[in-house]
Number of protein chains: 2
Amino acid sequence: MNAPEIKIDWEKYSHLFKEMEVPAKTILLNEGDVSRYGYFIKKGCLRLWFSNKGKDMTFQFFFENEGVSSVESFRTGEPSLFSIESIEPSTVLKISKKNFESIFMENPEYREFINETIFRRLNFYSKLFMSYIKNTPEERYKELLKNNPEIIRRIPQHYIASFLGITSVSLSRIRNRV
Amino acid sequence: MNAPEIKIDWEKYSHLFKEMEVPAKTILLNEGDVSRYGYFIKKGCLRLWFSNKGKDMTFQFFFENEGVSSVESFRTGEPSLFSIESIEPSTVLKISKKNFESIFMENPEYREFINETIFRRLNFYSKLFMSYIKNTPEERYKELLKNNPEIIRRIPQHYIASFLGITSVSLSRIRNRV
DNA sequence: TTCATTTATTAACAATTGTTATCGTGGCCC
DNA sequence: GGGCCACGATAACAATTGTTAATAAATGAA
C-alpha cells in the first residue's frame, strides 16, 4: 500500500481534466460498456460493483484523492466487468483516454507512476484475497473497523456486506455481537 | 488472462537461468524471507502459501511454463508474505534478481512484458476476489472443475480446500453432493 | 410537512460450514 | 516387508450464514 511514492505534478496537466459535479448514485461507467475516461476524486466517494443474479455486488470503495477507472477496460478497450457509481454527492476530475495517454507519451516518469499504481493495486487485491481465505466474515469486519474505519463510517451497510461476501442480514448480526 | 501476448526470446538469456531439480514439498522461498530469485517452471507444480494460526493457507497454484516469484518482495526487498513450495517433484529455472534486472536494462521491450504480466496478475486476483463475494464455496468448486480441471486433477484436496476458503472436511462434503 | 423509498434490525427456520475425532487407504522411506 | 505418515472420507454436534418476511427508522423528493 505504501511503496516509495513517486511525486507527480498533476497541476501541470490540469487543463486536460474536466471537473464534474455528480449527485449521489450516479453511474459514471456502466457494466458492459467500454471505459473511455479515468476519474480522480476531489470530494466524495465512489464504488465499483457488478450485477449478480439481480443483486448488487460491491467490491471496492474509493475516497478523496484517489484515481478510479475500470483498469482493464480502459487499457484494452474491452467491456468493463463492473460499474462505477457515486455513493455520496461528489466532485470528480475526468480525463479522456487520449489525453491520459498523451501525458505518458510526453513524460516517461509518469509511466513509471502508473506502474507503481498497478503494483500497489495488485498488492491490494492479493492481500484482500489472502484475508478472505484466512478470516471469517466477522474477522474481516473487525479488520475493516481497525484498518478502514472510513469505510464503516461513510458507506451504507448493505454495500459493506457484499464487500465482505455476506448478506446485509448477516452483517447486522455480526455488528450486534461484536 | 489472455491479453495480446508479447513474444519474448528467453533462449537468448538462457545462460542467466540455472536449472534445478527439486523433490516434492521443497521450499523455494520461506515466508518472512526476502525473495532474491525468480523461478520458471519447466516441469511440475508449485504453490504459494502462508501460515495462519498454525494452518497452511494455500492461495495460488502454478504449473508448467509459468513464472513464479514473490512479486512484491522481489521488487521491494521486503520480507515475503508467503512461501513458495513444490507440490510435485519439479524442474525449475532459477534467476537471480541481478540477472533479471540486467535483462531489462538492456532491453526495454522486456520491461513491457513485465508490465503485461503484472496487469494480467492484477486481473487474475481481482476476478478471483469478485468470484469470492458472488459465489458460494460449492459454486467456486464447480467453477474450478470447469475452468481449471488441472488443479482438481493434480493438486491434493486439502490444498484446494484452503484455496477455496473452506476446510478439507467441507470440501469433501461438497464433492459428495456435486 | 408529507409521503415514498431506502436502509437497518429482528425473528424463525433451513442449509451450510466449522470443529473434533475416528477410520481406512495408499504412498514412501528405512 | 514393516511401519510411519499424508491424505481423504465420514460422523456428530456446535456455530454461522442464507432466506424470507415483517417492522422500524432514516432519508429524500415533492
Of everything in region B:65-80, what is under 12 Å from B:Leu29 (Cβ atoms) and surrounded by fewer than 17 Cβ atoms within 10 Å (Cβ to Cβ)? Give them in sequence order.
B:Pro79
I need the full set of residues from region B:71-117 which are more than 20 Å from B:Lys42 (Cβ to Cβ) and not in a helix (DSSP H, G or I), in order please.
B:Gly77, B:Glu78, B:Pro79, B:Ser80, B:Leu81, B:Phe82, B:Ser83, B:Asn107
Would you mind stating whether A:Phe62 is closer than 30 Å to B:Thr76 by Cα and in contact with a Gly (Cβ under 9 Å, 6 or more places away or on another chain)?
no
If you check B:Ile114 against the conditions, is it within 14 Å of chain A (Cβ to nearest Cβ) and either of a type in the set (Lys, Arg) or under 16 Å from the mean Cα position of the chain (by Cα) (or both)?
yes
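Identify the residue in region A:89-141 that is within 16 Å of DNA strand C (Cβ to nearest atom), without any contact (Cβ under 8 Å) to a residue 12 or more places away in the chain and open to solvent by 30 Å² or more (accessible area, probe 1.4 Å) and, among all such residues, is farthest from A:Ser168 (Cα to Cα).
Selected residue: A:Lys134.
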Some residue of region B:145-154 being outside the structural domain of B:Ser14 (by TED's automatic domain parsing) and within 30 Å of B:Leu16 (Cβ to Cβ)
yes
Return the residue satisfying two criteria in turn: it lies in region A:136-152 and is more than 14 Å from chain B (Cβ to nearest Cβ) and more than 13 Å from DNA strand D (Cβ to nearest atom), and of such residues it is nearest to the chain's Cα centre (by Cα).
A:Ile151
Determine, yes or no, whether A:Phe163 is within 11 Å of another protein chain (Cβ to nearest Cβ), within 28 Å of A:Gly54 (Cα to Cα) and away from DNA strand C (no atom under 15 Å from the Cβ).
no
Residue pairs qualifying under the 6 Å Cβ cut-off, at least six apart or on distinct chains, with the first in region A:158-178 being within 8 Å of DNA strand D (Cβ to nearest atom) and the second being among the acidic types (Asp, Glu), are A:Ile174/A:Glu138
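Taking the condition away from every other protein chain (no Cβ under 14 Å) and assigned to a strand (DSSP E or B), does B:Glu11 pass?
no
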(1) open to solvent by 70 Å² or more (accessible area, probe 1.4 Å); (2) at pLDDT 95 or above: which one isn't true of B:Ile166, the others all being true?
(1)
B:Glu88 meets each of (1) away from DNA strand D (no atom under 16 Å from the Cβ); (2) in the same structural domain as B:Glu31 (by TED's automatic domain parsing) with one exception, condition (1)
Give just the number: which of (1) under 16 Å from B:Ile151 (Cα atoms); (2) under 11 Å from the mean Cα position of the chain (by Cα); (3) open to solvent by 20 Å² or more (accessible area, probe 1.4 Å) does B:Phe59 not satisfy?
(3)
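The values are calculated or read from the model by the stated rules, or taken from the named source; none is laboratory data. Keep in mind that this is a model prediction, so the values were computed, not measured. A quick note on method: Cβ atoms are made from the backbone with ideal geometry, for glycine too, and the neighbour counts reach across all protein chains shown. For accessibility, only protein heavy atoms count, side chains too; no ligands or nucleic acids. Shrake-Rupley method; radii C 1.70, N 1.55, O 1.52, S 1.80 Å.
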